[in-house]
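Inspection log for the structure reproduced underneath, given as structure tokens.
Derivation of every value follows stated rules applied to the coordinates shown; laboratory data play no part. Bear in mind the structure is a predicted one, so any value in this text is a computation, not a measurement. Cβ coordinates were reconstructed from backbone atoms using ideal geometry, including for glycine residues, and neighbour counts include every protein chain displayed.
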Amino acid sequence: MRNDDVKKWLGSAESDMELSLKGKASKKILYITLCYHSQQAVEKSLKAVLIHLDKRYPHTHDISVLFNLIEETNIEIPNIIKPATEFTKYVIWRYPDDIFEIEKEEYKHVIVIAQKVLKWAKSIIKKDNSKLF
């Protein structure tokens with residue numbers, strides 16, 4: 001059961017990452033929307049790691065909280081992915097009054113970090129369970 005849940009969370013993270021990587025396929029797509037999907041990819045990747053570790057987590061979108069929970073299991077968060085803690089701000093975009101401007105360069109930075117988080121999460125899970133991959 002746990003492996004199925006891990007696979008579902010990673011699959012959902014990969015889906016969000018793919019959407020984010022599609023970029024501005026039209027002028028109607030906002031960079032904030034793409035950053036939101038990157039944030040979701042990060043959040044879901046980290047939750048997959050926590051499920052894999054049998055570590056409970058609260059209903060949260062806060063990347064810092066998820067990193068802290070992972071660190072409680074004696075797994076170190078690499079410095080290269082720690083900037084993902086800033087992605088929590090992209091969750092509030094869902095309401096038109098809360099939309100803020102994102103430039104292309106910020107979007108590019110976000111997808112690079114998000115891809116690194118997803119890759120790291122998979123490596124943590126794969127160490128213990130190569131059947132998922």
Could you list the residues of the range 27-62 with an amide nitrogen less than 12 Å from a label point located 7 Å from the Cα of K126 in the Cα-to-C-beta direction?
none
Out of I29, I63, I113, any idea which swings most in a Gaussian network model of the chain, alpha carbons joined below 10 Å?
I29
Average projected area of the Cα convex hull of the chain, in nm²?
8.1 nm²
How far apart, in nanometres, would the label points at K108 and K22 be if each is projected 7 angstrom from Cα along the Cα-to-Cβ direction?
2.2 nm
Net +/- balance of residues flanking I113 in space, Cβ distance below 12 Å, scoring K and R +1, D and E -1:
+2
With n ≥ 4 as the cut-off for DSSP H runs, can you work out [θ] at 222 nm for the chain, using -39500 (n - 2.57) per run divided by the number of residues, rounded to the nearest 500?
-19500 deg cm²/dmol
Rounded, prolate or oblate for the range 56-116? Axes are the square roots of the Cα gyration tensor eigenvalues, ordered a ≥ b ≥ c, and the cut-off for rounded is a/c under 1.5.
oblate
Please list 50-62, 8-20, 31-43 highest first by mean number of surrounding beta-carbon atoms within 10 Å per residue.
31-43, 8-20, 50-62
Under the Karplus relation 6.51 cos²θ - 1.76 cosθ + 1.60, θ = phi - 60°, what is the ordered set of whole-Hz ³J(HN,Hα) values for the range 74-87, x standing for Gly and Pro?
6, 9, 7, 7, x, 4, 5, 10, 4, x, 4, 4, 6, 6
Do the alpha carbons of any pairs in K47/K104; K28/K126; K27/K127; K8/K116; K7/K27; K82/K104 sit beyond 31 Å of each other, and which pairs?
K28/K126; K27/K127; K7/K27
